[in-house]
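Take a look at the structure set out below.
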Amino acid sequence: MFFDVAKIYVKGGDGGNGCVAMRREKYVPMGGPWGGDGGRGGNIIFRVEEGLRTLVDFRYKRHYKADRGRHGEGKNMYGASGDDLIVRVPAGTLVKDDDTGEIIADLVKNGQEVVVARGGRGGRGNAHFATHDHKAPKMAEKGEPGAERWLILELKLLADVGLVGFPNAGKSSLISRVSAAKPKIADYPFTTITPNLGVVRVDEGRSFVMADIPGLIEGAHTGAGLGHDFLKHIERTRLLIHVLDTAGSEGRDPVADFQATKRELSLYNPMLGTMPQVIAANKMDLPEAAENLHRLEAAYGGEYEIFPISAATGDGLDKLIYRVADLFDQIPVKEPESTSIPVIHRAEPRFSVYREEGIFFVRGKEIERHVAMTDMENDEAVERLQWIIKRMGIEDELKSAGIKEGDTVKIGKFEFEYIE
Ligand SMILES: Nc1nc2c(ncn2[C@@H]2O[C@H](COP(=O)(O)OP(=O)(O)OP(=O)(O)O)[C@@H](O)[C@H]2O)c(=O)[nH]1
Ligand SMILES: [Mg+2]
């Protein structure tokens with residue numbers, strides 16, 4: 001089984017900061033707080049897109065960040081939300097958290113979506129913090145940072161295109177030219193004994209999987225040569241490329257070879273005879289090829305598209321690859337089955353406290369979020385954070401861990417001295 005794997009970084013947009021503003025108008029002498037909230041940061045959303053077949057595009061772009069929310073403004077004006085960032089993935093993509101190995105999503109259906117990194121909530125403006133006793137708070141929350149993480153994407157590769165032809169026709173040479181596959185190439189028959197898969201990137205958002213299989217000979221359908229084993233592989237493809245030695249090396253005749261291969265395929269499985277197929281007339285760099293190409297065109301040009309190529313020089317390959325990609329757009333894809341691995345979300349404790357080299361560390365999503373959203377320059381905001389630390393039971397936990405006056409506590413990036 002072949003897998004395509006990619007590792008990428010995603011980060012939701014940060015929330016916009018809340019605003020501190022006081023109402024000051026001519027006839028409203030004691031105007032209250034009216035700082036608006038910051039906007040939400042954009043989410044990173046994976047969406048399954050029909051037509052994508054591989055993860056090759058993720059080798060060209062690995063970092064994905066969504067827009068941040070705008071900051072709140074005076075007059076209770078809310079900041080605008082950041083736009084979500086939609087990342088297109090092929091059906092069959094399994095998404096894992098790189099840190100924990102947890103499966104986040106198993107994306108199988110076209111159009112299916114999953115949020116892989118949430119944008120941060122907007123910070124609340126000072127209008128939210130007014131209480132009966134404290135009518136004019138001068139604090140606001142900072143925006144919550146967007147979630148960030150590294151993801152591993154996995155995709156089971158299914159061959160879209162099968163290369164068929166006699167031994168030595170140049171199938172392995174062709175796949176090594178148009179993909180990163182590195183099969184063995186040699187001028188003796190049956191060099192390839194197990195199939196090779198290669199990912200062919202046409203342009204952004206367009207790629208397909210090509211299978212190079214061992215050469216076929218007369219009688220392949222009965223098991224001659226390497227027989228059945230790999231005819232099975234091409235049954236699962238959606239398009240065939242017949243690779244011919246157009247130069248007719250060693251007394252071969254490309255017209256007869258094409259006929260023989262077609263016959264073997266149909267005898268093995270009549271469905272293979274009716275599959276979309278094109279001809280790659282290979283080895284056009286050799287002098288004998290030109291005349292054979294004319295014969296081939298005269299015999300089959302009406303029925304099949306014929307592409308003169310040279311896997312040795314690279315001539316004609318672009319045209320062939322673009323045409324194959326176009327043909328694909330017209331051939332329906334089967335939706336891959338779900339691997340039906342249950343998505344497990346770990347239950348996390350609210351926070352944890354531990355001591356290392358005399359420093360007390362507090363960890364936990366919720367409290368780290370509160371810390372990130374606190375403006376440490378602002379006394380009122382810091383006071384509120386202290387109150388949250390107490391209310392969540394963190395102070396009690398620190399005490400039972402043995403904390404003493406003057407010890408250092410670290411929560412996220414924030415470090416402070418403990419005072420009872
Ligand atoms: N001159 C020339 N030689 C080629 C070309 N393509 C392949 N060859 C040569 O033909 C021989 C066979 O090439 P392979 O790519 O191994 O052929 P194959 O179809 O994979 O062969 P099997 O694996 O045995 O079925 C090698 O010596 C290649 O260098 C071409 O376009 N021009
Ligand atoms: Mg080969």
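Observations
- Residues of the range 384-414 that are loosely packed, with under 11 Cβ neighbours inside 10 Å and free of Cβ contacts under 8 Å to residues at least 40 places away in the same chain: TRP387, ARG391, SER400, LYS404, GLU405, GLY406.
- A Cβ distance below 8 Å, combined with a sequence gap of six or more or placement on separate chains, defines the contacts here; from the range 189-202, residues that are in the same structural domain as GLY215 (by TED's automatic domain parsing) reach residues that are near ligand 1 (Cβ under 9 Å from one of its atoms) and in a strand (DSSP E or B) in the pairs THR192/ASP212; PRO195/ASP212; ASN196/ASP212; LEU197/ASP212; GLY198/ASP212.
- Of the helices (runs of 4 or more DSSP H) lying entirely inside the range 244-302, those containing at least 2 residues that are in contact with a strand residue (DSSP E or B) (Cβ under 9 Å, 6 or more places away or on another chain) and not polar (S, T, N, Q) are 254-268, 289-300.
- The lone criterion from (1) touching a residue at least 12 places away in the same chain (Cβ under 8 Å); (2) within 16 Å of ligand 1 (Cβ to nearest atom) left unmet by ALA186 is number (1).
- Condition met for LEU231 (under 35 Å from the mean Cα position of the chain (by Cα), more than 30 Å from ARG88 (Cβ to Cβ) and either assigned to a strand (DSSP E or B) or away from ligand 1 (no atom under 13 Å from the Cβ) (or both)): yes
- Residues considered: VAL115, VAL87, VAL95. Of these, the only one that is in the same structural domain as CYS19 (by TED's automatic domain parsing), in contact with a Lys or Arg (Cβ under 8 Å, 6 or more places away or on another chain) and either assigned to a strand (DSSP E or B) or within 30 Å of VAL324 (Cα to Cα) (or both) is VAL87.
- In summary, LEU157 fulfils each of the numbered conditions (1) at pLDDT below 90; (2) in contact with an Asp or Glu (Cβ under 9 Å, 6 or more places away or on another chain); (3) within 16 Å of ligand 1 (Cβ to nearest atom) with the single exception of condition (3).
Residues are listed down the side, and each one gets a yes or a no for (1) in contact with an Asp or Glu (Cβ under 7 Å, 6 or more places away or on another chain); (2) on the phi > 0 side of the Ramachandran plot; (3) at pLDDT below 95:
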| site | (1), (2), (3) |
| --- | --- |
| ARG70 | no, no, no |
| GLY82 | yes, no, no |
| GLY92 | no, yes, yes |
| ASP99 | no, no, yes |
| GLU102 | no, no, yes |
| ALA105 | no, no, yes |
| VAL108 | yes, no, yes |
| GLU113 | no, no, yes |
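- Test: residue in the range 161-170 that is small (Gly, Ala, Ser), more than 12 Å from ligand 1 (Cβ to nearest atom) and under 18 Å from ILE279 (Cα atoms): yes
- Matching residues, the range 132-151, being under 19 Å from LYS7 (Cβ atoms) and part of a loop (DSSP other than H, G, I, E, B): ALA147
The values are calculated or read from the model by the stated rules, or taken from the named source; none is laboratory data. Fair warning: this is a prediction, and the values are worked out from it, not measured in the lab. Cβ sites come from the backbone with ideal geometry, for glycine too, and all protein chains shown count toward neighbours.
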